[in-house]
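K.L.:
Below are the structure tokens for one structure; questions will follow.
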Amino acid sequence: MGIGDNFTAKNITLKVNGSSVYGKTKGGVILINWSCFANRYSTGEPDISDVPSLENKQPLTVIEEKISPVNGLNVVVLPNPSNTDFTLVVKTPDATRPVIIKVTDMNGRTMSAAQTSANSTIKVGDVKWSTGVYFADITQGNERRVVRLVKIK
């Protein structure tokens, strides 16, 4: 399923954990994607778990598969997995503070550490690194991202 792909579901089961559901509530009905509905789960009305399923009135569309920070530190790894090294593309709205990158193996051993400027591209890794999973910890001020790096033969 990709962005913009459509699919039709006859029944959708909705499970609620908390006090609100994504969508709008109007008159005891929860509207989801403006085409599905279920009874509200407040006092005096049936519990949402009493509703066996929701009937989808229109095809559903996947709008976005991945949510990334709108404002803040963003990191893209290319290629991943890799059999040589990894390229980290670091984007941030804060061009004044340096970005610190630390790569560790599964045991927490530091494999490499570097400091770079904001909005930069840096290569990490080595063909000598063993096959396995590594973690790149990217920090800028109070912002922090950890990305998984997969080393293959």
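The values are calculated or read from the model by the stated rules, or taken from the named source; none is laboratory data. None of these values were measured; they are calculated from a predicted model. Cβ coordinates were reconstructed from backbone atoms using ideal geometry, including for glycine residues, and neighbour counts include every protein chain displayed.
K.L.:
Just to verify a result, which residue in segment 63-98, among those that are exposed (fewer than 13 other Cβ atoms within 10 Å of the Cβ) and among the small types (Gly, Ala, Ser), is modelled with the highest pLDDT?
P.N.:
ALA95
K.L.:
Every residue in segment 125-144 that is of a type in the set (Asp, Glu) and part of a strand (DSSP E or B), please.
P.N.:
As a first pass, look at segment 125-144 and keep what is of a type in the set (Asp, Glu): 126, 137, 143.
Within segment 125-144, ASP137, GLU143 meet the criteria.
K.L.:
So, one more: Could you list, in sequence order, the residues of segment 114-124 that are of a type outside the set (S, T, N, Q) and assigned to a strand (DSSP E or B)? Lay out the reasoning, then the answer.
P.N.:
Within segment 114-124, the first condition is being of a type outside the set (S, T, N, Q), and the residues that meet it are 114, 118, 122-124.
Scanning segment 114-124 gives ALA114, ILE122, LYS123, VAL124.
K.L.:
Another one. How about segment 99-153: which of its residues are surrounded by fewer than 17 Cβ atoms within 10 Å (Cβ to Cβ) and on the phi > 0 side of the Ramachandran plot?
P.N.:
Scanning segment 99-153 gives GLY108, ASN119, GLY132, GLY141.
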